[in-house]
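Notes follow the structure.
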Amino acid sequence: MRLDPYLSFAGYAFSLQRDDVLKQRGTPLRAQRNEIGLNELDYGDVVLRFQDSGRLEEITVAAPVLHLGTVAIPFENLEPFVTEQDAQAFWRFRFLVSPALGLAFDPSQPAWVTALARHCLPQWEAL
């Protein structure tokens, strides 16, 4: 999966609004409000999380290999890659969060990677 930090992930641009996704993809397999107050649209292959305003906050997809520019990182090498590349990376609960790369992931949940909108980093830091 290709990640352009803070711009797009897996073909989904952070400029997308909730209504745009519903028009493009139709009814999700599951739609719910999560425990931190974001509205989730779960299509099975991707989970998109939105603010009430419709602004996209997070994009989660299975990414066995993450593509950043010309670099391809297998998921099993993502943790050491992030800690080596991002001195500002931090842990929240089981998630390694990288401000430099705009992503968060739980190394114990193989292949699932969440791309973050820049404006939601303070919420991750505050957790």
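The values are calculated or read from the model by the stated rules, or taken from the named source; none is laboratory data. Because the structure is a prediction, the values reported are computed rather than measured. Glycine gets a Cβ as well: all are built from the backbone with ideal geometry, and neighbour counts include every protein chain shown. The protein model used for the area step is the full one, side chains on, heavy atoms only, and it has no ligands, DNA or RNA in it. Shrake-Rupley method; radii C 1.70, N 1.55, O 1.52, S 1.80 Å.
Selection of the stretch 102-124 for residues being out of contact with any strand residue (DSSP E or B) (no Cβ under 7 Å at 6 or more places or on another chain) and either of a type in the set (D, E, K, R) or in a loop (DSSP other than H, G, I, E, B) (or both) yields Ser108, Gln109, Pro110, Arg118.
Of everything listed in (1) touching a His at 6+ places or on another chain (Cβ under 9 Å); (2) open to solvent by less than 80 Å² (accessible area, probe 1.4 Å), the single unmet condition for Thr60 is (1).
Applying the criterion of being over 14 Å from the mean Cα position of the chain (by Cα) and farther than 13 Å from Gln17 by Cβ to the residues of the stretch 36-54, the residue that is modelled with the lowest pLDDT is Ile36.
Each row is one residue, and each column tells you yes or no for (1) out of contact with any Leu (no Cβ under 7 Å at 6 or more places or on another chain); (2) open to solvent by 50 Å² or more (accessible area, probe 1.4 Å); (3) assigned to a loop (DSSP other than H, G, I, E, B); (4) not acidic (Asp, Glu).
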site: Val21; (1), (2), (3), (4): no, no, no, yes
site: Gly37; (1), (2), (3), (4): yes, no, yes, yes
site: Asp52; (1), (2), (3), (4): yes, yes, yes, no
site: Leu78; (1), (2), (3), (4): no, no, no, yes
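Here is a check on your reading of the model: is Ala89 open to solvent by 20 Å² or more (accessible area, probe 1.4 Å) and in contact with a Ser or Thr (Cβ under 7 Å, 6 or more places away or on another chain)? Answer is yes for this residue. Taking every residue in the stretch 105-127 that is farther than 19 Å from Arg2 by Cα and pairing it with any residue that is β-branched (Val, Ile, Thr), at least 6 positions away or on another chain, the pairs with Cβ-Cβ distances below 6 Å are Trp124/Val97.
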